[in-house]
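For reference, the structure discussed in these notes is given below.
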Amino acid sequence: MSWIEALILGIIQGLTEFLPVSSSGHLEIGSVLLDAQSSDNLLFAVIVHLATALATMVVFKKDILNLLKDLLKIQWNESTQFVAKILVSMIPVFIVAVFFKDQIEELFVGNLMLVGSMLLITGGLLLFAHYKKDGSKPVGFISAIIIGIAQAFAVLPGISRSGSTIATALILGVERSKAARFSFLMVLIPILGASLLEMMDYAENPSLHTIDAVSLIVGFLAAFVSGYIACKWMIKIVKKGKLTYFAIYCFIVGAIAIISA
C-alpha cells in the first residue's frame, strides 16, 4: 500500500466512520478499486479506526473530562451510571472479538457481494429509524445492551457502526442527541483496546506486515482530520433527523457493489 493509497483510504475512513454508511465497507470497496488488497488490511483498518477514536475524544473532550471528574467522586451518580451503561454495551462486541476473531479477519478480503448486501441492510435500518416517531428517553441499561448487540453486528463490512447504533437507539425511543452521544462514546474503549493489541503484535512481529510505517502514519493523520470534521457534522445531522439521504446512498453503493462483485 503506497502512501497515496493510505491517504485516500484514511480520508474515506474518517468520513465514513461517523457518517452512517459503514467505514469498513467503504475501506473494502476502496481497497478493491485501488488494488490495495493485502494481508495488512486489518492492521491498516485498526490504525485508522484508532485515529477516528481519538477524533471522537477531541470532539467530546468536555463530556469525557466531566465523566472522569464525576467518577473520581466514587458515587452512583449520573456519570457513573453512563459509564456503566457503556461497559454493558461492550459485552456483545467483546464476545464477538474474543470468540470470532479469526472469522472476522476472513471477512476483510474484498468481498464486494458481502459488503453490498450489508450496505443494503444498513440503508434499510436507517430508513426505518427515520420514520420512527422521535423519542425522549435516556439510554437505559436494557437499551444499552441492545445497542451493544447492534454494534457487534457492525463488525461485518458494510454494516455501519454509527448507523446501526444510532438507528437502534432511535428505534428504542432514545432522544436524538443522547443517541448520537452514546453511539460515539461507546466505541472508544473497544477501538482503543483493539488498536493497542494490534500495534503490540505489529511491534513484536514487524516482518509479518508488509505495510510501511509512512503509509500507516499518513492514513492515521488523514483519518483523524476527516473524522473530526465528520463527527461534528454527524451530530448536527442526527439532531435534524436527516437520515434518509444516507439510506439512499447506502442502497445505491450497495447495489453497485453487488453488481460489480
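The values are calculated or read from the model by the stated rules, or taken from the named source; none is laboratory data. A quick note: this is a predicted structure, and the numbers were derived from the prediction, not measured. Glycine gets a Cβ as well: all are built from the backbone with ideal geometry, and neighbour counts include every protein chain shown.
Brief remarks follow.
- Residue match in segment 87-108 (condition: more than 30 Å from T244 (Cβ to Cβ) and small (G, A, S)): yes
- Yes/no for T52 being in contact with a Ser or Thr (Cβ under 8 Å, 6 or more places away or on another chain) and closer than 28 Å to F246 by Cα: yes
- If you go through segment 129-138 and pick out every residue that is part of a loop (DSSP other than H, G, I, E, B) and closer than 25 Å to F251 by Cα, you end up with 4.
- Beta carbons closer than 7 Å, at least 6 apart along the sequence or on distinct chains, never pair a first residue in segment 234-248 that is under 12 Å from G124 (Cβ atoms) with a second that is loosely packed, with under 13 Cβ neighbours inside 10 Å.
For every residue, the table says whether it meets (1) modelled with pLDDT of 85 or more; (2) in contact with a Cys (Cβ under 6 Å, 6 or more places away or on another chain); (3) not hydrophobic (A, V, I, L, M, F, W, C).
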position: L197; (1), (2), (3): no, no, no
position: P206; (1), (2), (3): no, no, yes
position: G219; (1), (2), (3): yes, no, yes
position: F224; (1), (2), (3): yes, no, no
position: G227; (1), (2), (3): yes, no, yes
position: K242; (1), (2), (3): no, no, yes
position: F251; (1), (2), (3): yes, no, no
position: A257; (1), (2), (3): yes, no, no
position: A261; (1), (2), (3): no, no, no
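- Test for F184: is it touching a residue at least 60 places away in the same chain (Cβ under 8 Å) and either more than 30 Å from I4 (Cβ to Cβ) or under 18 Å from the mean Cα position of the chain (by Cα) (or both): yes
- Looking across segment 83-136, the residues that are among the basic types (K, R) and surrounded by fewer than 18 Cβ atoms within 10 Å (Cβ to Cβ) come down to K101, K132, K133.
- Inter-residue pairs, beta-carbon under 6 Å, first under 12 Å from A45 (Cα atoms) and in segment 8-25, second part of a loop (DSSP other than H, G, I, E, B), 6+ apart: S24/P157; G25/P157; G25/G158
- Exactly one residue among L216, L196, L172 is of a type in the set (A, V, I, L, M, F, W, C) and under 21 Å from L15 (Cβ atoms), and that residue is L216.
- Residue in segment 229-247 that is hydroxyl-bearing (S, T, Y), crowded, with 17+ Cβ neighbours inside 10 Å and assigned to a helix (DSSP H, G or I) present: no
- Segment 139-171, residues that are in a loop (DSSP other than H, G, I, E, B) and out of contact with any strand residue (DSSP E or B) (no Cβ under 7 Å at 6 or more places or on another chain): G140, A154, V155, L156, P157, G158, I159, S160
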